[in-house]
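Structure, as structure tokens:
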Amino acid sequence: MSNKITPDQLFSDLITKQQLTLDKVPSVHLWNPQKTGDIDIRIDREGRWLHCGREIKRPTMVTFFSRLLKLEAGKFYLVTPVEKWQITVDIAPLYIISARRELRDSIQAVVLDTHTDDTVVLDKNHPLIIDHSDSEEILPLITIRDNIQALVSRPVYYQLVEWGKSKALSNGKRELFLESMGSKFSLGEFIL
């Protein structure tokens, strides 16, 4: 039997902090009211919440609303046990504003924070995905909770790229990847 410490054990304090963040979210996945209607709330590409075209400026209100988000069949809703209001989301409802690295026993953990006070450790359950589906633009997304994703801000993305390592691919290109919690996440391919 091996006595090797797993990344989860090594970074148990970070996993605990992440779980405390998730514990602040009510059990919206258990709430299944009928759709009440649409509400004129839009979350723009930088994670700003707009009501009737005007930005909601109170951070505590935005954080509160973010805890009531539910994704169903590709549509976003604000839900309570008795109401479900559809909202519009430009790219992702959450927005990554900072990242930091922790290195322990030669294993790296990348910790990310959203503008709505979520903390997540990049790992196999909270992966980084580079989406190119709708345009030529690179859209780095991190799964935060219940399939709800956060768009990585441009400065944080550049920080992740700086932390990345490259490897040669069989097609003559190179791939840039980021390691966290023993997993590798692709940041994209490039030609030298």
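The values are calculated or read from the model by the stated rules, or taken from the named source; none is laboratory data. Since we're looking at a predicted model, the values are computed, not measured. Neighbour counts run over all protein chains shown; Cβ positions are idealised from the backbone, glycine included.
Taking interchain pairs and intrachain pairs at least six residues apart, which have beta carbon atoms under 6 angstrom, with the first residue in the range 102-117 and assigned to a strand (DSSP E or B) and the second at pLDDT below 95 and of a type in the set (S, T, N, Q)?
Final answer for the pair search is Asp113/Thr119.
Would it be correct to say that Thr114 is more than 15 Å from the chain's Cα centre (by Cα) and closer than 22 Å to Ile41 by Cβ?
Details: more than 15 Å from the chain's Cα centre (by Cα): no; closer than 22 Å to Ile41 by Cβ: yes.
So Thr114 does not fit the description; no.
Could you list, ordered by first residue, the pairs with Cβ atoms under 8 Å in which the first is in the range 29-55 and assigned by TED's automatic domain parsing to the domain that holds Phe76 and the second is of a type in the set (Ser, Thr, Tyr) and assigned to a strand (DSSP E or B), at least 6 apart or interchain?
As it stands, the answer is Lys35/Tyr77; Ile41/Thr88; Arg42/Thr88; Ile43/Thr88; Glu46/Tyr95; Gly47/Tyr95; Gly47/Thr114, since those pairs meet every condition given.
Return yes or no: is Thr116 in the same structural domain as Lys184 (by TED's automatic domain parsing) and hydroxyl-bearing (Ser, Thr, Tyr)? I'd like the intermediate steps shown before the answer.
Working: in the same structural domain as Lys184 (by TED's automatic domain parsing): yes; hydroxyl-bearing (Ser, Thr, Tyr): yes.
For Thr116, the condition - in the same structural domain as Lys184 (by TED's automatic domain parsing) and hydroxyl-bearing (Ser, Thr, Tyr) - is met.
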